[in-house]
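Q: Pasting a structure below so you can have a look.
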Amino acid sequence: MIKRSLGGLLKARRLEQKLTLQELADKADLSAAFLSQAERGKATPSIVSLINIARALDTDIHYFISPPVPAELVSKASDPRYLNIDSPITYRVLNASVPNQRMSALLMDIPPGVELPTVHRDEGEDIFYIIKGRVEQMIDDKVFSLQAGDCVHMNTQLGHNIVNKSKGTATILWVGTPVLLPVE
């Protein structure tokens, strides 16, 4: 089944890729006029054309065609989900089951003196927002003292970890890309 807003999806993906209609047309072996009509909902591409468009946009065809996926857009406090990890740190999963999600989100409760392991990923971004407590965040060789209300936004290629320096539990909101914790 083709998604109802196929034209909007086409245009959004093209703009994300910073392509003009003509550039996409050249890559997909279609006319710019046809793509313009498709983006405005005035024409519907055949499955072969849609495959060519998806390839030209470096996008999986399922971005454009798939059965309807019910999305849980809300993560309810009354029904929390936690990562089942043998760790003193509690990881509450905040991201919902949004189709084509591009980020993950966790709420981390870190006991006093506990250190998050050093993390290094090849690509992506992390945001750490300190909700409660005092922590030290190490990024490569630099140490940052952070408290409630402070925030760090960083490239994940930099090695980093966090230590709770509070006498109580520190609570941190983490949001990162690429998706590490897809919710089905």
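Rule-based calculations on the coordinates, nothing more; no lab input. In this text, all values refer to a predicted model and were calculated from it rather than measured experimentally. All Cβ positions, even for glycine, are placed from backbone atoms using ideal geometry, and neighbour counts span all protein chains on display.
Q: Viscosity 0.692 mPa s, temperature 37 °C: what is the translational diffusion coefficient of the chain from Stokes-Einstein with a Kirkwood Rh over Cα pairs, rounded to a whole number of µm²/s?
A: Values: Rh = 19.2 Å.
Estimated via Stokes-Einstein, D reaches 171 µm²/s.
Q: So how compact is the range 6-63: Cα radius of gyration and Dmax in angstrom?
A: Over the range 6-63's Cα set, Rg and Dmax evaluate to 9.6, 24 Å.
Q: Which trypsin sites (Lys or Arg not before Pro) does the range 13-67 hold that lie in a coil by DSSP with at most 10 other beta carbons within 10 Å?
A: Answer by residue number: Lys18, Lys42.
Q: Can you tally the net charge around Leu173? Count Lys and Arg as +1, Asp and Glu as -1, for every other residue whose Cβ sits under 15 Å from the Cβ of Leu173.
A: Taking every other residue near Leu173 into account, the sum is -2.
Q: Find which of Ile172, Phe144, Ile162 sits farthest along the positive direction of the dipole of the range 81-177, computed with +1 on the beta-carbon of Lys and Arg, -1 on that of Asp and Glu, about the Cα centre.
A: Final value for the positive-end residue is Ile172.
Q: On to the next question. Could you check the simple spin-label distance between Ala96 and Ile51, using points 7 Å along Cα→Cβ, in nm with one decimal?
A: 3.5
Q: Continuing with the same structure: Classify the range 97-171 as rounded, prolate or oblate from the Cα gyration tensor: take a ≥ b ≥ c as the square roots of its eigenvalues, call it rounded if a/c is under 1.5, otherwise prolate when a/b beats b/c and oblate if not.
A: On the way: a/c = 2.07, a/b = 1.35, b/c = 1.53.
Note, shape of the range 97-171 comes out oblate.
Q: Work through the residues other than Glu136 whose Cβ is under 12 Å from its Cβ and net out their charges, Lys, Arg +1 and Asp, Glu -1. Could the numbers behind the result be given before it?
A: Working: positive: Arg134, Lys142, Lys165; negative: Glu115, Asp150.
Residues near Glu136 contribute +1 overall.
Q: Taking 8 Å as the Cα distance limit and 6 or more residues as the minimum spacing, I'd like the relative contact order of the range 1-116 as a percentage.
A: Taking the mean separation of contacting Cα pairs over the length of the range 1-116, I get 21 percent.
Q: What dipole magnitude, in Debye to the nearest 20, does the chain give about its Cα centre under +1 on Lys/Arg Cβ and -1 on Asp/Glu Cβ? Walk me through the intermediate numbers first.
A: Values: 20 positive and 21 negative charges, 143 e Å.
I would put it at about 680 debye.
Q: Taking loop as defined by DSSP and a crowding limit of 12 other beta carbons within 10 Å, which trypsin sites (Lys or Arg not before Pro) in the range 82-133 fit?
A: Arg102
Q: May I ask you to evaluate 6.51 cos²θ - 1.76 cosθ + 1.60, the Karplus curve with θ = phi - 60°, for each residue of the range 132-139 and list the ³J(HN,Hα) values in order in whole Hz, giving x for glycine and proline?
A: Each residue of the range 132-139 in turn: 8, x, 10, 9, 10, 10, 9, 10 Hz.
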